[in-house]
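Peer 1: So that we are looking at the same thing, I have put the structure below in structure tokens.
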Amino acid sequence: MKLTEEQINILASNDNIKINAVAGSGKTTTIIEYAKTRDAKSRILYLAFNKSVKLEAARRFSAAGLSNVKVETAHSLAYKNVVFDYGYKVRAQGYKTNEIAEILGLSVIGEKHAAYMVANHINKFVAYFCNSSKQKVQELDYLGTLNEAKAKAFVETFYDYILSQTRLFLSFMDKGKIEITHDFYLKKFQLANPDLPYDYILFDEGQDASAAMLDIFLRQKAIKVIVGDTHQQIYGWRYAINALEQVNFTDYQLSTSFRFSQEIADLALTVLSLKRHVGRFKPIQIDGKGNSKAVKTKAILARTNLGLLLKAIEYITERENVKHIYFEGNINSYTYAEEGASLYDVLNLYNEKRHAIKDALIKGMKDLADLEDYIEKTEEVQLGMMVEIVKEYGNRIPDIIRNLKDKHVSNEDKDKAEMIFSTVHRCKGMEYDTVQLVNDFITEGQVHKMCDELEKNDTDAAKINEEINLLYVAVTRTRNSLYIPNALMPPSDVIFEHIHIMQDMRPEDKLEKKKLIGYPKQSMYQQAEPKAYEVAEKRIAHKDAYRPWSKELDLELARMFQEGVSLKDMEKHFGRSRSAIGSRIKKLQLEELYR
């Protein structure tokens, strides 16, 4: 393969270095080439971000004949050095709030459900400590990690109790009285100050490293290489830090993306420039060299589970002929909160069917309002989204989820999916031919508003930057075409070939206006008896309603249909009624052509 000048410079280095690699710039390929150029007797450790990345990296290093490279995640490395030595038992899914309350025998007077609220914050405090580089829990300020006023007020009132019980819970795990979590054995490994027997350590996805992982890495005597993308940090809410900005290594860049075109690169740069409103922003370079014309893999990406589910429901409602869809990370992960409560538990609370609720925390709530009060005081975002879905769809939820699951294919059959659905967090590192964005990402107007609050309330600027990063990551998942809501698109007079601008209301507005109301019995193009409109009225609502369909418009319609754009979005794009577009699709036999 032909290497870029930037890659050649990286291979020639022999010091501690950091590589800032833009999306699609071939960082794994570069790391493999780097390992190839080291002495064959060198002991090399590659630290992957998660298990799926580890498996793919191991396959690629093996295919390159690099038997001297050991591939691990930080957790798999810690597991081998801690769990076996101490004889610990690991709790795979972590602890639920009600379990922590029961284990510690929490008793709190004065607040409704206070014991559960304290347990919730203990759970988060444990995660905060285990992901930090600190030696003691009391060295951390947990209160500083909270945003919501009610949550802050609650924690401030009970801070000493939360701190003491957090330390007690950690001691229970340390002594083996209860099963340990994955975060705990990584922390135990970090506190042991391990000396790893390698000549080179290659640390991938450094922008989302935990402080504990970084501390282990920096203490090693080996030559260290850390690689990532400063602007792809999206796990701050899990107490990740941007290690690329924490280390004082020689700086290298990978600025050429082989994934997407310069159009997408320019849009990505425009998105990142929103950071200038937050504080000091150093512009970067992205050269888009991708030229893919394929439209095989199509994805709809959202910031939130709520936004994604709403779009998925809309998609299968409008397209009855769709047989196969796929959710990154499996569809079940979108119907459960991290603590284990399911969408069905919240629905049963809504219906006052307490006997059917499986989750102890939800079962302890009087009603939905009671649960919403708990959410405000604990910042449980996922539970909050479930409440919104239940309030919108109510008892239609079982049929909706059943319909989605019936069409959902297994991991092995992912390539058969007519549309892939994912939040940005779950598609990290993925790429698709065509990408549509749900209108639930941050806009420039919201950045301005949040920056005003930053001055007044000292909100964490890093959280605003991370919201911008989420949009940047979403935009850069495409290899070919991008469909982006108008609200997310920066003002421009340029006509793009691969960027298509759509009108789309935000998910919260959809909930407010209650646009989606279950599943129509008719086909998506068989409309009920139309209301009689005057031509003038029709032209006001759909400005291009009576413009003849040209060959160019037909080709554009066919392309949009093939790429999975919703009927509602086509309606807004073409300025024609939904029935007119449906009729044209039927006349062109697009359903048969692209089935």
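The values are calculated or read from the model by the stated rules, or taken from the named source; none is laboratory data. This is a predicted model, so every value here is computed, not measured. All Cβ positions, even for glycine, are placed from backbone atoms using ideal geometry, and neighbour counts span all protein chains on display. Note: accessible area is taken over every heavy atom of the protein model, side chains too, but ligands, DNA and RNA are not part of it. Shrake-Rupley method; radii C 1.70, N 1.55, O 1.52, S 1.80 Å.
Peer 1: Can you tell me which residue is farthest from Ala64 (Cα to Cα) among those in segment 1-11 that are part of a loop (DSSP other than H, G, I, E, B) and of a type outside the set (D, E, K, R)?
Peer 2: Top of the filtered list is Thr4.
Peer 1: Testing Ser292 on (1) in contact with an Asp or Glu (Cβ under 9 Å, 6 or more places away or on another chain); (2) modelled with pLDDT under 90; (3) among the small types (Gly, Ala, Ser), one condition comes back false. Which one is that?
Peer 2: (2)
Peer 1: Can you name the number of the only condition in (1) at pLDDT 95 or above; (2) open to solvent by 40 Å² or more (accessible area, probe 1.4 Å) that Ala222 fails?
Peer 2: (2)
Peer 1: Scanning segment 229-249 for residues that are hydroxyl-bearing (Ser, Thr, Tyr) and assigned to a loop (DSSP other than H, G, I, E, B), which turns out surrounded by the fewest Cβ atoms within 10 Å (Cβ to Cβ)?
Peer 2: So the residue we want is Tyr239.
Peer 1: Across segment 447-486, what is the total count of residues that are at pLDDT 90 or above and either more than 22 Å from Glu418 (Cβ to Cβ) or more than 14 Å from the chain's Cα centre (by Cα) (or both)?
Peer 2: 21
Peer 1: Additional query: Report yes if Ala474 is farther than 30 Å from Met560 by Cβ, among the aliphatic types (A, V, I, L, M) and touching a residue at least 40 places away in the same chain (Cβ under 8 Å), otherwise no.
Peer 2: No.
Peer 1: Here is a further query. Only one of Ala101, Ala92, Ala57, Ala23 is among the small types (Gly, Ala, Ser), open to solvent by less than 20 Å² (accessible area, probe 1.4 Å) and farther than 27 Å from Asp287 by Cβ. Can you tell me which?
Peer 2: When all the criteria are applied, what remains is Ala101.
Peer 1: Still on this model: Kindly establish whether Asp183 is surrounded by 18 or more Cβ atoms within 10 Å (Cβ to Cβ), farther than 30 Å from Thr297 by Cα and among the acidic types (Asp, Glu).
Peer 2: Spelling it out, Asp183 is indeed surrounded by 18 or more Cβ atoms within 10 Å (Cβ to Cβ), farther than 30 Å from Thr297 by Cα and among the acidic types (Asp, Glu).
Peer 1: Something else about it: Residue check, Ala294 against (1) over 20 Å from the mean Cα position of the chain (by Cα); (2) over 30 Å from Gln562 (Cα atoms); (3) small (Gly, Ala, Ser), all met but one. Which one?
Peer 2: (2)
Peer 1: Another question about this same structure. Of all residues in segment 250-260, which are part of a strand (DSSP E or B) and touching an Asp or Glu at 6+ places or on another chain (Cβ under 8 Å)?
Peer 2: Thr250, Tyr252, Gln253, Leu254, Thr256, Ser257
Peer 1: Name the single residue that is least open to solvent (accessible area, probe 1.4 Å) among those in segment 259-298 being of a type in the set (S, T, N, Q) and closer than 17 Å to Ile464 by Cα.
Peer 2: Ser273
Peer 1: Give segment 299-321 a look and list any residue that's open to solvent by less than 10 Å² (accessible area, probe 1.4 Å) and over 21 Å from the mean Cα position of the chain (by Cα), or say none.
Peer 2: Answer for segment 299-321, where residues must be open to solvent by less than 10 Å² (accessible area, probe 1.4 Å) and over 21 Å from the mean Cα position of the chain (by Cα): just Ile316.
Peer 1: Identify the residue in segment 397-445 that is assigned to a helix (DSSP H, G or I) and among the basic types (Lys, Arg) and, among all such residues, is nearest to Trp237 (Cα to Cα).
Peer 2: Out of the qualifying residues, it is Arg426.
Peer 1: Another one. Contact list please: Cβ distance under 8 Å, first residue in segment 562-587 and under 15 Å from Ser481 (Cβ atoms) and in contact (Cβ under 8 Å) with a residue 60 or more places away in the chain, second residue in a helix (DSSP H, G or I) and open to solvent by 30 Å² or more (accessible area, probe 1.4 Å), pairs at least six apart or on different chains.
Peer 2: Cβ pairs passing all conditions: Val565/His573.
Peer 1: Here's another thing I want to ask about it. Is there any pair with a first residue in segment 40-65 that is in contact (Cβ under 8 Å) with a residue 24 or more places away in the chain and a second that is surrounded by fewer than 16 Cβ atoms within 10 Å (Cβ to Cβ) whose Cβ atoms are under 6 Å apart and which are 6 or more apart or on different chains, and what are they?
Peer 2: Listed pairs, sorted by first residue: Ser42/Asp199; Arg43/Asp199.
Peer 1: In addition: Could you list, in sequence order, the residues of segment 320-350 that are out of contact with any helix residue (DSSP H, G or I) (no Cβ under 7 Å at 6 or more places or on another chain) and not in a helix (DSSP H, G or I)?
Peer 2: Glu320, Asn330, Tyr336, Gly340, Ser342
Peer 1: Which of the residues that make up segment 26-46 are hydroxyl-bearing (Ser, Thr, Tyr) and at pLDDT below 95?
Peer 2: Hits for segment 26-46 are Thr28, Thr29.
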